[in-house]
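Novice: Below are the structure tokens for one structure; questions will follow.
Bear in mind that the values in this text are calculations on the coordinates, not laboratory data. From a predicted model like this one, the values you see are computed outputs, not experimental measurements. Don't worry about glycine lacking a Cβ; one is built from the backbone with ideal geometry, like all the others, and counts go over all protein chains shown.
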Amino acid sequence: MASWVSEAGKTHTLKLKPGHYIFHEAVAPGGYLAVTDIHFSVDETGQVTVTNVNGNTAVAEGNKLTVTDQTKPVTPPSPEEPGAQEVHFSKVNVGGEEIAGAEIHIKQDDTVVASWVSEAGKTHTLKLKPGHYIFHEAVAPGGYLAVTDIHFSVDETGQVTVTNVNGNTAVAEGNKLTVTDQSADKDKQDKLPNTGETTGTYLSILGMITAVFASLLYRSKKK
């Protein structure tokens, strides 16, 4: 029957015959809630009477109907998720030198979140969100032994903490994790039996026994 768009600071005027009407807000202004339908009547003199406010705020005064829009409730922003922080990884030998050829996987549970191959003289940098991770060496460099899985955590500032070194040599300093590979040759040497030394000892003892026996035999013949 009639429609308009409200304007700031202005009242809208219509000419209505006596009867029953509905005030319907099709679109609310930005930041406000649309009112539900308000029923009102107009008599022969233009006097307005609200017949069903329908849960809204609506006031009739003489030939004027004032309807109040409620502001939308403000939803507080959800706490911001801590962002990813830089974490540095260093793969070294026992001398502290960065070594090349280690294939590294960083895992969360069973998911690989990052992987790379170490380079000589270079530290590898990742951006990791706060959480628990696993340092997994899939392939060791030539001449070295692969470390077993090392568990570590990263906090909101990027600080690294080793939670399970798992028998390896791993040091966390600030936002850096340094993992040391052991030489495969050293491991072999540690495991080899000391056969040469033992044989030498046996030969020495045998030689001494033979010498003593020969000496006794010589003395016996002399007599």
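Novice: For the stretch 85-186, please report how many Lys pairs fall under 15 Å Cα to Cα, leaving out neighbours fewer than 8 apart on the same chain.
Specialist: Lysine pair count for the stretch 85-186: 7.
Novice: Now for a separate question. Taking θ = phi - 60°, what integer Hz values does the Karplus form 6.51 cos²θ - 1.76 cosθ + 1.60 yield along the stretch 173-183, in sequence order, with x for Gly and Pro?
Specialist: Here the 3J(HN,Hα) series is 10, x, 9, 10, 10, 10, 10, 9, 8, 8, 5 Hz.
Novice: If packing is taken as the average count of other Cβ atoms within 10 Å, what order do 9-17, 169-177, 84-92 fall into, highest mean first?
Specialist: Descending mean neighbour count gives 84-92, 169-177, 9-17.
Novice: Restricting to DSSP loop positions (anything but H, G, I, E, B) with no more than 16 other Cβ atoms inside 10 Å of their own Cβ, which chymotrypsin sites (Phe, Trp or Tyr not before Pro) remain in the stretch 1-40?
Specialist: Details: sites: Trp4, Tyr21, Phe23, Tyr32, Phe40; in loops: Trp4.
When the chymotrypsin sites (Phe, Trp or Tyr not before Pro) of the stretch 1-40 are filtered for loop state and at most 16 Cβ neighbours within 10 Å, Trp4 remain.
Novice: Can you give the Rg to Rh ratio for the stretch 1-132, taking only C-alpha atoms and Rh from Kirkwood?
Specialist: Reported Rg/Rh, Kirkwood definition of Rh: 1.58.
Novice: Quote the relative contact order of the stretch 90-139 in percent (integer), defining contacts as alpha-carbon pairs under 8 Å separated by 6+ residues.
Specialist: 42
Novice: Taking 35 Å as R0, compute the FRET efficiency from the Cβ-Cβ separation of Lys127 and Ala28 and round it to 0.05.
Specialist: It comes to 0.25.
Novice: Sticking with this structure for a sec: Let me have the relative contact order for the stretch 1-115, percent, based on Cα pairs under 8 Å that are six or more residues apart.
Specialist: It rounds to 14 percent for the stretch 1-115.
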